[in-house]
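Undergrad: This is the structure I want to talk about, given as structure tokens.
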Amino acid sequence: MVKTPDELALMRIAGRLLASVFEMLDAQDLAGMSTLQINDMVERFITVDLAARPASKGQYGFRFVLNCSINQVVCHGVPDADEIVRDGDIINLDITLEKNGFIADSSKTYLVGDTPAAAKRLVRVAQEAMWAGIRQVRPGAHVGDIGFAIERHARQNGYSVVREFCGHGIGRDMHEEPQVLNFGRRGAGVRLREGMTFTIEPMVNQGSRRVSTRDDGWTVVTDDGKLSAQFEHTVAVTHDGVEVLTLRRDETQAG
């Protein structure tokens, strides 16, 4: 679970490249695009502009470079030429990138056009919940501290946290130890050590936390049809705290 300084240096490169993918997307008008068009645009940017590999493509038999999850879709939405992003939607884009043998993983929920106030609030709180978890990361802390902070923030704002999916260790492989749950107890779980790298990725629901998987075997949706939002960063435990490896230029380390 612990990376060497040389391995962390390579993970910083992958993280910085992945951050640039989202910075490219920030400049796009997603309304009117199909989710497959977004997928293909991101694939070109990763492979041609960044000379990197989209790590999700081929993983577990998945044929695309990203997940695109609109409105009531919680996660793992599959790109589709017939699915059009529309004004007022929220859409989570979850993207992975491999460079020099190391993988970075991040996601962001975008507000498309004139989004309703209730949707904007959900997206804001989901992002705040991610940062609440990130702020718990330091040597000697526990993964339970992260989950506790995430769920507390969501619940204080009237939302629920999906429990079926969680953050995970990451490095040469997409999914490594430890699991980083989005709920938990303070002081519980794996103790964090300098050099550990993992993702923090809360999925926050407007209504019930209950979810189901559609017949395609991938797409996860809220049972009650209400909105869901997600944010994700890849982080590293430093000697005195945390480094966000996928930090974008429009963000600050403190969140």
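Undergrad: Give the residue, chosen from Lys120, Lys108, that is open to solvent by 10 Å² or more (accessible area, probe 1.4 Å) and without any contact (Cβ under 8 Å) to a residue 40 or more places away in the chain.
TA: Result: Lys120 is the single residue among Lys120, Lys108 that is open to solvent by 10 Å² or more (accessible area, probe 1.4 Å) and without any contact (Cβ under 8 Å) to a residue 40 or more places away in the chain.
Undergrad: Please go through segment 153-165 and give me each residue that is open to solvent by 30 Å² or more (accessible area, probe 1.4 Å) and over 22 Å from Thr252 (Cβ atoms), ordered by number. Full working, then the answer.
TA: As a first pass, look at segment 153-165 and keep what is open to solvent by 30 Å² or more (accessible area, probe 1.4 Å): 153, 155-158, 163-165.
Within segment 153-165, Arg155, Gln156, Gly158, Arg163, Glu164, Phe165 meet the criteria.
Undergrad: Tell me whether segment 7-29 contains one or more residues that are in contact with an Asp or Glu (Cβ under 6 Å, 6 or more places away or on another chain) and more than 30 Å from Pro139 (Cα to Cα).
TA: No, segment 7-29 contains no residue that is in contact with an Asp or Glu (Cβ under 6 Å, 6 or more places away or on another chain) and more than 30 Å from Pro139 (Cα to Cα).
Undergrad: Working only within segment 74-103, note down all residues that are under 14 Å from the mean Cα position of the chain (by Cα) and within 17 Å of Trp218 (Cα to Cα).
TA: Val74, Cys75, His76, Gly77, Ile91, Asn92, Leu93, Asp94, Ile95, Thr96
Undergrad: Just the residues that are touching a helix residue (DSSP H, G or I) at 6+ places or on another chain (Cβ under 7 Å) and either surrounded by fewer than 17 Cβ atoms within 10 Å (Cβ to Cβ) or of a type in the set (Phe, Trp, Tyr) (or both), please, taken from segment 177-189.
TA: Listed by number, the residues that qualify are Phe183, Arg185, Arg186, Gly187, Ala188.
Undergrad: Using beta carbons and a limit of 7 Å, which pairs, at least six apart or on different chains, have the first residue in segment 204-227 and among the basic types (Lys, Arg) and the second one not in a loop (DSSP other than H, G, I, E, B)?
TA: Close Cβ pairs (under 7 Å, with a partner that is not in a loop (DSSP other than H, G, I, E, B)) amount to Arg209/Ser160; Arg209/Val161; Arg214/Val221; Lys226/Asn205.
Undergrad: So which of Gly113, Gly77, Gly101, Gly88 is farther than 30 Å from Arg186 by Cβ, at pLDDT 95 or above and in contact with a Cys (Cβ under 9 Å, 6 or more places away or on another chain)?
TA: Gly77
Undergrad: Let me ask something else. Consider Ile95 carefully, then state whether it is in contact (Cβ under 8 Å) with a residue 24 or more places away in the chain, crowded, with 22+ Cβ neighbours inside 10 Å and part of a helix (DSSP H, G or I). Working first, answer last.
TA: On the way: in contact (Cβ under 8 Å) with a residue 24 or more places away in the chain: yes; crowded, with 22+ Cβ neighbours inside 10 Å: yes; part of a helix (DSSP H, G or I): no.
In short, no.
Undergrad: For segment 42-68, which positions are part of a helix (DSSP H, G or I) and open to solvent by less than 30 Å² (accessible area, probe 1.4 Å)?
TA: Answer for segment 42-68, where residues must be part of a helix (DSSP H, G or I) and open to solvent by less than 30 Å² (accessible area, probe 1.4 Å): Val42, Ile46.
Undergrad: Moving on to the next point. Is there a residue in segment 130-138 that is open to solvent by 40 Å² or more (accessible area, probe 1.4 Å), under 15 Å from the mean Cα position of the chain (by Cα), within 25 Å of Val85 (Cα to Cα) and not polar (S, T, N, Q)? Spell out how you get there, then give the answer.
TA: Filtering segment 130-138 down to residues open to solvent by 40 Å² or more (accessible area, probe 1.4 Å) leaves 135-136, 138.
If we keep only those that are under 15 Å from the mean Cα position of the chain (by Cα) too, we end up with none.
Checked segment 130-138: no residue is open to solvent by 40 Å² or more (accessible area, probe 1.4 Å), under 15 Å from the mean Cα position of the chain (by Cα), within 25 Å of Val85 (Cα to Cα) and not polar (S, T, N, Q).
The values are calculated or read from the model by the stated rules, or taken from the named source; none is laboratory data. Keep in mind the model is a prediction, meaning the values are calculated, not measured. No Cβ is skipped: glycine too gets one built from the backbone with ideal geometry, and neighbour counts run over all protein chains shown. Keep in mind that these areas ignore ligands, DNA and RNA; they rest on the heavy atoms of the full protein, side chains included. Shrake-Rupley method; radii C 1.70, N 1.55, O 1.52, S 1.80 Å.
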